[in-house]
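The values are calculated or read from the model by the stated rules, or taken from the named source; none is laboratory data. Since we're looking at a predicted model, the values are computed, not measured. Every residue, glycine among them, receives a Cβ derived from its backbone with ideal geometry; neighbour counts consider all protein chains shown.
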Amino acid sequence: MTAHSNIYPTKALQEIDAAHHWHPFSDMKSLNEEGSRIVTSADGVWISDSDGKKILDGMAGLWCVQVGHGRKEIADAVNRQMNELAYYNTFFKTTHPPAIALSEKLAKLAPDHINTVFYCSSGSEANDTVFRMVRTYWDKMCKPDKKVIIGRWNGYHGSTLAGTSLGGMKAMHAQGDLPVSGVHHIDQPYWFGEGQDMSPEEFGVLAARKLEEAIDEIGEDKIAAFIAEPIQGAGGVIIPPATYWPEMRRILEERDILFVSDEVICGFGRLGEWFGSTHFGVKPDLMPIAKGLTSGYLPMGGVLVSDRVADGLMNSGDDFNHGYTYSGHPVCATAALANLEIIEREGLVDRVKNDIGPYLQERWLRLGDHPLVGEARMTGLMGALELVPDKTDLKKTFPDTGTVGTICRDISFQNSMVMRAVRDSMIISPPLVLSHEEADFLVKSAEKTLNDTF
Ligand code: PLP
């Protein structure tokens, strides 16, 4: 089929889109009035729209395109696999070479105590899988009362019922009787937004102790797991104070509950380690993964399972009654393998830790001096700018939360850079292949955007 963009002008494409396409997480009324942005091609860290404008992809798509766009090597591997075996399932004691090779590769990349993977097609499905795994695990351990899963307010774990429930997005909970029963939320470690009455260090410890308090209140014998993103992404790149994860580690080591590190954004190099939990020195029992696993070239997710949980669940002699038609899909697994090979060969994880990460961080943090910025923060290649109306009072927010952020995001696009707005913060998460020159462009464009916003 010929791409519509080759035939129709932008306006006509926008009209067709408005007539038939319901976009995720979008106010369709205003989107249809303004017209959607139509991205037609991409190369490296650059996307191009239907008017031929080139824009730096400061969000790596949706936090996923680690190796950059347009990698022919992935396309070629996928094409070969399509011709060899486009589909077969992994149910009922069947497998295929791409699933075998990818499982071995992931076991090698994961921390030593993690050697098993369960596949699905997205981060949301991965967290649905987690939900069943942790409860089934405790059943098998003859502790069936351990059912409660603790998440955090403003955490994001996907859009299925389980993902939405584990996440702490109140607007999503409002869509129905959510969260489902047996999920409890504790506060997030968001110092700028919620902790300014004390130092970040004090706040980090207190925020971590919310977990301890919840365990004591609910009862350790009733709690199956705690789930958290190493850095909350969709919540606004909430980088916890340095004291948070060490205190969490103490609590998790003392208590008999499973720890689920949601690595859907933080995994595959984004924080300068293969997994975000490694960056923070915490030891997960389960790690949901997706996004950077394939760099978004094809949809694939999974749950990396520790030996403790795998032994408990897999050696019980029963089926684990869960799985998806596309679990371990051969073409997606091939895309993942080709993607991981690029990350390894080009040393992208180390690059984030020792080269482009520090380079961009230094320049990004300087934006904190801008009159509109209350706080600039960045770890690895995940960054945020908190916009404030008055720098002398950082607790003051804009009267209409979200409005300034949205304006800033749109101006950023005009300045040839994709940033995302969360409340009134601006966030970035660029591809790991970003060059120094492109990092300079990104920061200049962000600065110009801030200047243009008021
Ligand atoms: N977990 C985290 C931490 C995420 O950021 C996301 C998506 O942004 C998900 C899970 C859900 O992934 P997906 O959109 O692939 O279902």
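Condition check ((1) more than 16 Å from the ligand (Cβ to nearest atom); (2) within 22 Å of the chain's Cα centre (by Cα); (3) charged (D, E, K, R)) across all residues:
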residue	(1), (2), (3)
Gly176	yes, no, no
Ile186	yes, yes, no
Gly195	yes, no, no
Gly204	yes, yes, no
Lys222	yes, no, yes
Ala234	no, yes, no
Arg249	yes, yes, yes
Task: From Lys105, Lys93, residue being exposed (fewer than 15 other Cβ atoms within 10 Å of the Cβ), within 23 Å of Arg308 (Cα to Cα) and either away from the ligand (no atom under 16 Å from the Cβ) or free of Cβ contacts under 8 Å to residues at least 40 places away in the same chain (or both) - done: Lys93
Open item on the list: Restricting to the stretch 108-137, give me the number of residues that are closer than 13 Å to Phe259 by Cα and free of Cβ contacts under 8 Å to residues at least 40 places away in the same chain.
Closed with: 1
Task: the stretch 153-166: number of residues that are away from the ligand (no atom under 11 Å from the Cβ) and either outside the structural domain of Val305 (by TED's automatic domain parsing) or out of contact with any Leu (no Cβ under 9 Å at 6 or more places or on another chain) (or both) - done: 2
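Every residue, every condition in (1) within 16 Å of the ligand (Cβ to nearest atom); (2) under 19 Å from the mean Cα position of the chain (by Cα); (3) surrounded by fewer than 24 Cβ atoms within 10 Å (Cβ to Cβ), yes or no:
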residue: Lys283; (1), (2), (3): no, yes, yes
residue: Lys291; (1), (2), (3): yes, yes, no
residue: Ser295; (1), (2), (3): yes, yes, no
residue: Asp318; (1), (2), (3): no, no, yes
Task: Count of the stretch 394-426 residues which are in contact with a Leu (Cβ under 8 Å, 6 or more places away or on another chain) and either in a loop (DSSP other than H, G, I, E, B) or modelled with pLDDT of 95 or more (or both) - done: 7
Open item on the list: Take the conditions touching a Leu at 6+ places or on another chain (Cβ under 8 Å) and within 16 Å of the ligand (Cβ to nearest atom) and apply them to Gly123. Does it pass?
Closed with: no
TODO: Determine if the stretch 302-315 includes at least one residue that is outside any helix (DSSP H, G or I) and modelled with pLDDT under 95.
DONE: yes
Task: Lone qualifier among Val134, Val67 - being away from the ligand (no atom under 16 Å from the Cβ) and of a type in the set (Val, Ile, Thr) - done: Val67
Open item on the list: Take the conditions more than 16 Å from the ligand (Cβ to nearest atom), modelled with pLDDT of 95 or more and of a type outside the set (A, V, I, L, M) and apply them to Pro144. Does it pass?
Closed with: yes
- [ ] Specify which of the listed residues (Ala439, Ala384) is within 20 Å of the chain's Cα centre (by Cα) and either within 19 Å of Phe192 (Cα to Cα) or of a type outside the set (Ser, Thr, Tyr) (or both).
- [x] Ala384
Open item on the list: When you scan the stretch 306-316, do you find a residue that is within 13 Å of the ligand (Cβ to nearest atom) and out of contact with any His (no Cβ under 8 Å at 6 or more places or on another chain), even just one?
Closed with: no
Open item on the list: Please verify whether Leu56 is of a type in the set (A, V, I, L, M), more than 16 Å from the ligand (Cβ to nearest atom), surrounded by 13 or more Cβ atoms within 10 Å (Cβ to Cβ) and outside the structural domain of Ala384 (by TED's automatic domain parsing), treating the condition exactly as stated.
Closed with: no
